[in-house]
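Take a look at the structure set out below.
The values are calculated or read from the model by the stated rules, or taken from the named source; none is laboratory data. Predicted model only: the values in this text are computed from it and were never measured. When we count neighbours, we look across all protein chains shown, and the Cβ atoms used for this are built from the backbone with ideal geometry, even at glycine. For the accessible areas, the whole protein counts, side chains as well, though only heavy atoms, and no ligand, DNA or RNA atoms are used. Shrake-Rupley method; radii C 1.70, N 1.55, O 1.52, S 1.80 Å.
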Amino acid sequence: MLIGGIEAGGTKMICAVGDENGNIMDRVSFPTRQPKETFEDMIGYFRKWEIKALGIGCFGPLDLDKRSKTYGYITKTPKAGWEYCNIVGTFKEAFGIPVGFDTDVNGAVLGEVTWGAAKGLDSAIYITVGTGVGVGVYLNGGLLHGLVHPEAGHILLSRHPADPYEGKCPFHKNCMEGLAAGPAIEARWGKKGVELTDRDEVWELEAYYIAQAIMDYILVYSPQKIILWGGVMHQEKLFPMVREEVKRLLNGYVSHEAILDSIEDYIVSPALGEDPGIKGAIRLGVLA
Ligand code: ADP
Ligand code: ZN
């Protein structure tokens, strides 16, 4: 059975066709422009296949409440032209098939729980540290929604005593995204992360902030696996630094062997490489 998947991002729309086992047969990427022309490209692509369901992992914020009149909409996004855009309705109308819908990061954690690093577990989180910080949460065998959906990239962090940078988030300044996302690194140090590879102090501070956030996620969600990725984590030396810092900050408080004895298997990169988002979108389609 063919299932469509869309990883809908602010800069590009990855569309793929796969099966219910997560095998991808074909994929394409379209630049994200205004909704009308972007949807025309995507609908044209999926018309070439006999898809039976479609899943969409989307940049947010989103309305995921099935009782709401605006279910399936992107809501109050700053992305010009996309505010209150009915993305689910557009594809339902075009294809008349079930459409699954969730945040991009919830899609990614679902992909990893189904086929990747958290396969078979009841709980996991997926953290992306890139242009922003997003956190997908899978708990008790399902994706976490609530009043809206988790926005755990915006938890407030304590600034390091030696960090003079106040934080970049326009809403909260020193939240996780404001202190640790790629644009915050660039604003603090005056260069992009990729040009700061040899500056140890950059990555020590970065690990300190990522670890603070992870400590809070461990305390609040108690995930069985933490999957960490995004452009900034291409500095792979951050992984051991973050793990050590998480242990130091927790200070023995959560005394589980996964943290105390084998944290290298607890805080990991995705097993699906660059594909957790698109494979998770296909899984959202399977579950729709
Ligand atoms: P997005 O979050 O937009 O989906 P990415 O996950 O690729 O995209 O994240 C982009 C951010 O990651 C940018 O701020 C960029 O500077 C940063 N970044 C990309 N590669 C690296 C790298 N090798 N080292 C440090 N930062 C990087
Ligand atoms: Zn914020």
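Grab the beta carbon distance between K173 and V28, set R0 = 35 Å, and tell me the FRET efficiency rounded to 0.05. Provide the component values of the computation, followed by the final result.
Details: r = 39 Å, r/R0 = 1.11.
Once the sixth-power term is evaluated, E becomes 0.35.
With each pseudo-label sitting 7 Å past Cα toward Cβ, what's the E264-K237 distance in nm, one decimal?
Spacing of the two 7 Å Cα→Cβ label points: 1.8 nm.
When the helix-only estimate is applied to the chain (DSSP H runs of n ≥ 4, each -39,500 (n - 2.57), divided by the residue count), what is the mean residue ellipticity at 222 nm, nearest 500 deg cm²/dmol?
Numbers: 9 runs with 97 residues, N = 288.
So the helix-based figure for the chain works out to -10000 deg cm²/dmol.
Please turn the phi angles of the range 226-231 into ³J(HN,Hα) values with the Karplus equation 6.51 cos²θ - 1.76 cosθ + 1.60 (θ = phi - 60°), one per residue in order, whole Hz, x for glycine and proline.
Per-residue couplings from phi come out as 10, 10, 10, 7, x, x Hz.
For the range 1-78, give the percent of accessible area contributed by carbon and sulfur heavy atoms, probe 1.4 Å, rounded to a whole number.
C and S atoms contribute 52 percent here.
5 Å is the cut-off here: which amide hydrogens, built 1.01 Å from N in the peptide plane, fall below it relative to C85, excluding neighbours closer than 5 in sequence?
The answer is I74.
Using the Karplus curve 6.51 cos²θ - 1.76 cosθ + 1.60 with θ = phi - 60°, work out ³J(HN,Hα) for each residue of the range 106-115 in order, rounded to whole Hz, and write x for Gly and Pro.
Each residue of the range 106-115 in turn: 5, x, 5, 5, 5, x, 5, 6, 7, 10 Hz.
Pull out the extension gain between Y71 and T197, defined as 0.36 nm times the separation in residues minus the alpha carbon to alpha carbon distance; nm, one decimal.
Values: separation 126, 0.36 × 126 = 45.36 nm, distance 4.28 nm.
Length difference between fully extended and current span is 41.1 nm.
Treat every Asp and Glu Cβ in the range 14-69 as -1 and every Lys and Arg Cβ as +1, leave all other atoms uncharged, and give the resulting dipole magnitude about the Cα centre to the nearest 20 debye. Write down the numbers at each step before the final one.
Numbers: 9 positive and 9 negative charges, 44 e Å.
Here the range 14-69 has a charge dipole of around 220 debye.
Suppose R0 equals 25 Å; then what is the FRET efficiency for S222 and E244 from their Cβ-Cβ distance, rounded to the nearest 0.05?
Working: r = 21 Å, r/R0 = 0.83.
Between S222 and E244 the formula returns 0.75.
Considering the dipole of the chain built from charges on the beta carbon (Lys and Arg +1, Asp and Glu -1) around the Cα centre, which of I227, T197, L287 is farthest to its positive end?
Positive-most Cα among the choices belongs to L287.
Return the whole-Å distance between the Cα centroid of the range 170-189 and the Cα centroid of the range 1-64.
30 Å
In debye, nearest 20: dipole of the chain around its Cα centre with unit charges on the Cβ of K, R (+) and D, E (-)?
Working: 28 positive and 37 negative charges, 169 e Å.
In total the dipole reaches around 820 debye.
Given charges of +1 on the Cβ of Lys and Arg and -1 on the Cβ of Asp and Glu, with all other atoms neutral, how large is the dipole of the range 133-288 about its Cα centre, in debye to the nearest 20?
Values: 14 positive and 21 negative charges, 82 e Å.
Dipole about the Cα centre, nearest 20: 400 debye.
Before anything else, pin down the relative contact order of the chain: Cα pairs under 8 Å, at least 6 apart, normalised by residue count, whole percent. The partial results should precede the final answer.
Numbers: 608 pairs, mean separation 67.7, N = 288.
Relative CO of the chain lands at 24 percent.
With the Cα gyration tensor of the range 27-111 giving a ≥ b ≥ c as the square roots of its eigenvalues, does the rule (a/c under 1.5 for rounded; else a/b larger than b/c for prolate; else oblate) give rounded, prolate or oblate? Working shown, then result.
Numbers: a/c = 1.40, a/b = 1.19, b/c = 1.18.
Verdict is rounded for the range 27-111.
Residue by residue, what Karplus-based ³J(HN,Hα) values in Hz, rounded to whole numbers, does the range 2-13 have, using 6.51, -1.76 and 1.60 with θ = phi - 60° and x for Gly and Pro?
Calculated HN-Hα couplings, in order: 8, 10, x, x, 10, 9, 8, x, x, 10, 9, 10 Hz.
For the chain, give the share of DSSP beta bridges that are antiparallel, in percent and rounded to the nearest 5; count only bridges with both residues there. The partial results should precede the final answer.
Values: 26 of 43 bridges.
Around 60 percent antiparallel, to the nearest 5.
GNM on the chain, C-alpha springs below 10 Å: top fluctuator among K168, K66, K119?
Checking each option, the largest mean-square fluctuation is seen for K66.
Highest mean first, what order results for 31-44, 135-148, 253-266 on Cβ atoms within 10 Å?
Values: 31-44: 14.7, 135-148: 17.1, 253-266: 12.9.
Taking the mean over residues of other Cβ atoms within 10 Å, the ranking is 135-148, 31-44, 253-266.
Could you give the spread of the C-alpha atoms of the chain along their three principal axes, from largest to smallest, in whole angstroms?
Principal extents (largest minus smallest coordinate, Cα): 55, 39, 36 Å.
Given the options Y84, P31, G178, identify the residue whose Cα lies farthest towards the positive end of the charge dipole of the chain (+1 on Cβ of Lys, Arg; -1 on Cβ of Asp, Glu).
Y84
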